[in-house]
Each structure stands twice: as C-alpha cells, then as structure tokens.
1. Just reorder LEU628, LEU552 by solvent-accessible area, largest first, 1.4 Å probe, all chains present.
2. I want to check a number: in region 1-115, how many lysine pairs have alpha carbons closer than 26 Å, given a sequence separation of 8 or more or different chains?
3. Which of the trypsin sites (Lys or Arg not before Pro) found in region 426-466 are in a DSSP loop and have at most 14 neighbouring Cβ atoms, other than their own, within 10 Å?
4. Sort LYS59, LYS100 by heavy-atom solvent-accessible area, probe 1.4 angstrom, most to least.
5. Add -39500 (n - 2.57) for each DSSP H run of 4 or more in the chain, then divide by its residues: what number comes out at 222 nm, to the nearest 500 deg cm²/dmol?
6. To the nearest 20 debye, what is the magnitude of the charge dipole of region 432-584 about its Cα centre, counting +1 on the Cβ of each Lys and Arg and -1 on the Cβ of each Asp and Glu?
7. With the dipole of the chain worked out from charges on the C-beta (+1 for Lys and Arg, -1 for Asp and Glu) around the Cα centre, which of GLY348, ASN487, ALA302 lies farthest toward the positive end?
8. Among LEU262, MET32, LEU98, which residue has its Cα furthest toward the positive end of the charge dipole of the chain, with +1 on Lys/Arg Cβ and -1 on Asp/Glu Cβ?
Amino acid sequence: MDISLSQIKGIGPARLKAFEAAGIRTVRELVMFLPREYRDLTQTVPLCELKAGDTAAVKVRVAGEVSERRARRLLITKLYVTDDTDTVPVLWYNQPWLKKQMAPGRELMLYGKAEHKQGYVTLVSPTIESAQGLVPVYRSIAGIPPKALRQSMEAALKLCEGQWPDELPESLRRRHGLCERNFAMRNAHFPDSREALEAARRRIAFEELLLYQIALRLFRSTGRTGARMAFDDDRIEAFWQSLPFAPTNAQRRVLNEVAADLRSGRAMARMVQGDVGSGKTAIAFAAIALSHAAGWQSALMAPTEVLARQHYEAAKKLLEPLGMKVGLLVGSLTQKQHRLAHEAIASGEWDVAIGTHALITEGVAYRHLGLVVTDEQHRFGVRQRTQLSEKGDAPNVLVMSATPIPRTLSLILYGDLDISIVDELPPGRTPVATRIVPESKRPGLYDFLRREVAKGRQAYFVCPLVEESEAVEALPAEVVYEDLRTNRLPELAIELVHGRMKSADKDAALERFRTGEADVLVSTTVIEVGVNVPNATVMVIENAERFGLAQLHQLRGRVGRGTEESWCFLMAEPNPRLKFLCATTDGFKIAQKDMELRGPGELFGTRQSGTLTAGIGALAGDAELLKLSHDEAKALMAAPDEPDSRAVVALARERFADKLRDVAVN
Ligand code: ADP
Ligand code: MG
C-alpha cells in the first residue's frame with residue numbers, strides 16, 4: 001500500500017506531480033483521500049417537480065439550439081432541456097466547448113442546483129453525468145480532472161483490495177460495532193448503498209477521531225512546566241482602569257482565569273472563545289501587560305497582515321502608555337526593516353512583537369519570551385501554534401477564537417487546550433437586523449443599497465466558495481461582481497476579493513474598501529477574518545443556504561461595528577434554519593443548533609483540514625460518535641498498559657506524527 005502512485009494505470013509523470021503537490025504520493029495516501037460528498041444519481045427528479053434551491057439529478061434531452069452570450073469575462077452558454085413533464089433552461093459559465101456537444105435531441109443526465117433566474121427555475125452549472133449510483137465528489141486537485149481522479153481511485157482500490165490490515169484492536173471494533181476496514185475503504189469511495197456508506201463513514205470517522213484525540217492528549221502531557229509569572233492583583237485592576245471603557249463581567253472572569261494560569265508555573269494552554277465583538281483583544285492585551293509586569297516578553301500572531309496591523313495600532317494606543325515598547329513584524333516589511341525588527345526582538349528592545357507568521361520564521365529569536373497569543377486560531381494549525389511557542393522556553397499560550405463551538409466539539413478539536421468563554425457582549429450594541437431575501441425581492445435589495453450608499457454607508461457581498469468541478473469555471477464571486485458592475489449597481493464603486501488573487505491585489509482592494517473609496521466589496525469568505533470597517537452597515541450573503549449557521553453568524557459580525565443600524569440580508573428562499581438565525585444573536589446557541597441540524601462535520605469544515613484527513617468533515621458523523629470516541633480515548637489513556645491502549649497509542653503516533661510532530665517526543 002505504501003507503493004508509489006506510478007504503479008497505477010493512467011498515472012503518468014504529469015499526474016504524479018499533480019498528486020504530489022497535493023501531498024499524495026502513495027497508494028495509501030490516495031485511498032485516504034476521501035470524497036467530500038456524493039452525488040446521488042440513484043433517483044432522478046421530473047423537471048416539473050424541480051424547485052429553486054433543489055440539488056437534483058435529471059434525465060433530459062436537449063430541446064432546441066444552444067445560445068451563447070458574453071458579459072465581460074464571462075461566457076454564458078444557455079440551452080433548454082426537456083423530459084416531457086416540463087422544459088427548463090440550463091446555464092453554464094465559461095465552458096466554450098459545450099456548445100458543440102449539445103446537439104438538439106441529445107439525451108443527458110444532469111446533476112446540479114436549480115435557481116431562480118429572471119423568474120424561471122434554471123439549472124445552473126450542472127455536471128453532465130455518465131456514472132450511476134452514489135458518485136463520489138472529491139476536493140479538486142489542480143491538474144487532475146475529476147473523472148481521472150475517480151478512475152485513479154478505482155484502480156488504487158483494486159490494487160489494494162483485501163489488503164488493508166485492520167489496525168484497530170478487534171475487541172474495540174466489536175464493542176462499537178465498527179465494520180471491517182477493507183469494506184470501509186471501498187464503500188467510502190464507491191458505496192454499494194446508502195447503508196454501506198453510513199457504516200463505512202462511521203468506521204473511518206471513529207478511527208480518525210479516536211486517534212486524533214489520543215494524539216492531542218499525548219501532546220498535552222508534554223511541556224508542563226512553563227514561565228511562572230509573578231504580579232500583583234493591582235496590575236489587573238490597573239489595566240482595566242486604563243481602558244476607555246469598563247470591562248464586561250465576562251472579560252473580568254476570563255482574565256482572572258488567564259492570570260491564574262500565568263501564575264501557576266505550568267505552561268498555560270488556553271483558548272478564549274467569544275463572539276465577534278465580545279472584546280477578546282482587550283483580554284489578550286491585558287495578559288500581555290501582566291506578562292510585561294512580570295518581566296517577560298510577549299508575541300501576538302494574527303493570520304493576516306491586515307489583522308496584524310490592526311492589532312499593532314490598537315496595542316500602540318493601549319500598551320505604550322503603560323510603558324511597553326510594541327513592534328510590528330510582517331512579511332511586507334523591507335529587508336532592512338526586517339533586520340531591525342529581528343534585532344529589536346532578540347535584544348528585548350520590543351516588549352511585545354505583533355505580526356503574522358513572519359514571527360515564527362527561522363531567523364527570529366526572542367528574548368525571554370513568556371507569552372504567546374494567537375488570534376483567530378482556526379486559521380492556524382496545531383503545528384504553527386507550537387512553532388511559535390517553541391521560540392521560547394515553554395511560554396504560556398493563549399489562543400483567541402471567534403468561532404463559538406459547542407463544548408462537546410471543543411473537547412475534541414482542542415483537546416490540548418483549556419477553554420474560557422466570553423459569553424457577554426459590551427453594552428450598547430444594536431444587534432444586526434437579519435432578513436431573508438427571496439429571489440423575487442432582489443430588485444428591492446438594490447434600491448435599499450443605493451439609499452444606504454447615498455447616506456455614505458458601505459456594503460459587503462459574500463459568495464460561497466464552491467469547489468471547482470467540470471462545470472464550474474467561474475467563481476460565484478466573479479459572477480456577482482460582474483453582475484453588480486454591469487447591471488445592478490453600475491454607478492457605485494465596487495471591489496472584488498477572492499482567494500485566487502495575489503495577496504498584494506487583495507490587500508489593495510481591501511484597503512480601498514477600508515478607506516471608503518469603494519462602496520461595495522464582493523468577496524468569497526476571505527473577509528471572514530479581520531476586516532474591521534465600522535462604516536460598513538450592510539452584509540449581503542449570496543446563496544445563504546449553502547453556509548453553515550455558525551459561519552453566517554460570523555459573517556454577520558462584520559457589520560454592526562459602528563453606531564449605525566446594520567443589516568444582514570440572506571439571499572435564499574426562507575427555511576427554518578435561516579429563520580432561526582434571524583431570531584437569534586447568541587453565537588453558542590447558533591453553533592449548537594448548527595451541530596444538531598447538520599452534524600458536527602460542518603463545523604469541522606475545511607478549517608481543520610490542516611489537521612484532520614481531508615473528508616473528515618463529511619465523515620465526522622454525529623454528536624454521538626464524537627462522544628463515543630471521546631469516551632473511548634479517555635478510557636484507553638487511563639489504562640496505558642493495556643494491550644489495546646498500547647496498540648492504539650502507537651497507531652495515533654504513527655498517523656498523526658507529521659501533523660503533531662511535537663507529540664512524538666514524549
Ligand atoms: P473580538 O472579540 O471580536 O476580537 P474586539 O476585541 O475587537 O472583539 O472588540 C470589539 C470592539 O469592542 C472594539 O472596538 C473594542 O474596543 C470594544 N470593546 C471591547 N470591550 C469593551 C467593553 N467592555 N465595553 C465597550 N467596548 C468594548
Ligand atoms: Mg478579534
């Protein structure tokens with residue numbers, strides 16, 4: 001199984017390279033690359049029953065001629081298909097080759113989403129299917145077309161058929177009713193049935209969750225002693241007094257928990273979770289001030305340069321008056337500035353270094369580093385977090401996260417951290433008014449936007465990130481951007497930001513929005529992190545039904561930062577899930593609901609993909625599975641000398657050795 005991919009028929013040098021770039025070198029690694037979802041082609045829907053919002057398979061034939069139309073960078077191919085129950089338009093973007101293939105009368109199986117377009121239920125960018133049953137859909141790998149990936153997967157599975165050793169102890173497998181490994185791998189990719197798929201998912205997810213939790217527990221037991229900090233309680237009060245506002249009770253409580261950790265002599269490993277706007281930054285700055293009072297240096301790492309600069313500005317205002325020297329280290333500094341920053345950090349001239357992951361690059365040496373804060377933790381992997389703490393001698397680690405996560409899930413994702421929750425917002429905030437806007441009311445939205453912009457306000461448009469597939473060439477954000485510029489709001493200044501842009505262009509566009517030069521910012525979910533534009537009062541979320549509630553809630557937190565009334569518009573047909581969001585502002589309640597409705601998998605999302613196997617999101621099963629695996633991990637760790645425990649711990653080390661390299665030293 002650990003043989004090279006080159007053994008597989010159809011994988012030549014070019015494909016080999018492409019796979020390698022995605023971190024897949026061996027047959028085992030390929031087979032562990034699990035589908036993120038499945039297309040259900042077992043049942044087709046008659047066109048007359050197709051509703052906007054549905055994702056479905058339809059069996060149709062091409063009715064009439066294909067038309068093509070250009071809108072700037074978009075080529076829109078349109079045709080009508082029929083199945084005798086009805087006739088429905090189909091749209092594709094930037095797929096010039098389709099026109100030739102779509103002769104009238106051709107029979108097709110299409111799979112995709114129906115949306116309202118100009119008043120008609122329309123299939124948008126469906127895939128053309130030749131397979132049957134439950135078809136796996138994989139995260140896209142650059143240079144490997146989806147069909148080729150499926151074929152390689154089939155060949156790989158054939159090659160190692162019956163050969164997966166079942167590494168989980170038999171007794172454990174029986175106790176939890178887990179299916180056999182070979183069955184699991186085959187059915188995770190090419191399910192025989194829904195039931196077989198469920199059994200396969202359960203087996204793989206359980207194993208993965210169990211091993212991950214054990215690895216985290218191993219990690220946790222290392223590096224216990226840490227920088228012990230001594231400071232008076234007066235320091236805490238003095239910090240609160242120095243703020244322009246009174247702290248909330250939640251802020252006080254969490255800082256007290258942090259202070260107790262700092263004084264304990266055990267290296268702190270604590271995550272602070274709180275809704276966007278709950279005032280986590282003040283807590284981080286307070287911890288930094290305490291660390292300074294005790295004679296230690298601190299570092300604060302943010303996931304983006306924009307966010308790092310924002311923190312730097314705030315820290316200068318707040319911490320310098322308290323006698324601290326604050327410095328900024330980000331990738332875009334000149335060479336000379338880099339050198340000076342490195343010197344200032346090494347000499348201890350800077351009491352606080354704020355920056356991006358430039359803070360953990362090789363050349364940076366700290367002086368008496370006692371506290372490490374990382375903001376927006378989910379953007380960093382466990383590895384990066386530990387890299388920064390390796391810069392000191394077991395410094396205290398504080399992680400700030402704006403993603404409220406139900407407790408059961410926190411235990412698993414962050415088993416290596418203690419958790420504090422900031423469950424209170426500062427007073428005087430007006431909650432963001434959230435409304436569902438069905439397609440039929442779209443024109444009214446644009447009128448509203450024009451009025452808001454006329455009042456000097458700004459708006460975000462957020463579009464879901466779709467996986468590329470055969471059918472989707474253009475990003476939804478690009479489609480929306482072109483539509484706004486050319487049709488809907490041509491008189492406004494509109495900017496576009498998405499993940500495929502160069503970061504300099506991205507920063508420039510963000511900057512134009514921040515300064516107010518641009519009225520509207522269209523983006524994928526990249527703005528989720530960091531942008532703070534108090535003047536932005538409107539958030540429009542396209543295809544809102546595709547987002548998890550927790551994510552929608554986070555996006556909504558980007559507005560409502562100033563004193564003006566703010567709005568969030570969910571572009572979707574109304575449903576109970578979205579209605580719940582309109583009626584609730586508590587991030588933890590929302591996260592809990594999200595988990596109940598969609599399973600914890602959605603909360604894992606792609607964020608955790610750096611730590612867990614691709615596909616675990618879809619595989620994470622249900623809350624019960626999380627609990628089972630959690631309890632099992634606990635039991636195994638409590639009896640380390642049992643043969644089962646030894647076997648599983650060895651497996652956990654092996655499986656997560658790369659990802660949690662630090663674990664292996666124990
Ligand atoms: P987040 O938890 O999202 O990081 P921030 O720390 O950025 O939130 O705080 C959001 C805003 O609220 C900031 O402008 C901050 O100055 C302000 N703020 C924080 N704590 C309080 C408080 N206790 N009272 C009033 N305003 C506060
Ligand atoms: Mg923050």
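The values are calculated or read from the model by the stated rules, or taken from the named source; none is laboratory data. This structure is a prediction, so every number in the text was calculated from the model and none was measured. Neighbour counts are summed over all protein chains in view; Cβ atoms, including those assigned to glycine, are modelled from backbone coordinates with ideal geometry. Side chains included, ligands, DNA and RNA excluded: accessible areas come from the protein's heavy atoms. Shrake-Rupley method; radii C 1.70, N 1.55, O 1.52, S 1.80 Å.
1. LEU628, LEU552
2. 14
3. Numbers: sites: ARG429, ARG435, LYS441, ARG450, ARG451, LYS455, ARG457; in loops: ARG429, LYS455, ARG457.
Sites meeting the loop and neighbour criteria: ARG429, LYS455.
4. Values: LYS59 135, LYS100 195 Å².
Largest accessible area first, the list is LYS100, LYS59.
5. On the way: 24 runs with 257 residues, N = 666.
Theoretical 222 nm ellipticity from helices: -11500 deg cm²/dmol.
6. Values: 20 positive and 23 negative charges, 133 e Å.
So the dipole magnitude of region 432-584 works out to roughly 640 debye.
7. ASN487
8. Final value for the positive-end residue is LEU98.
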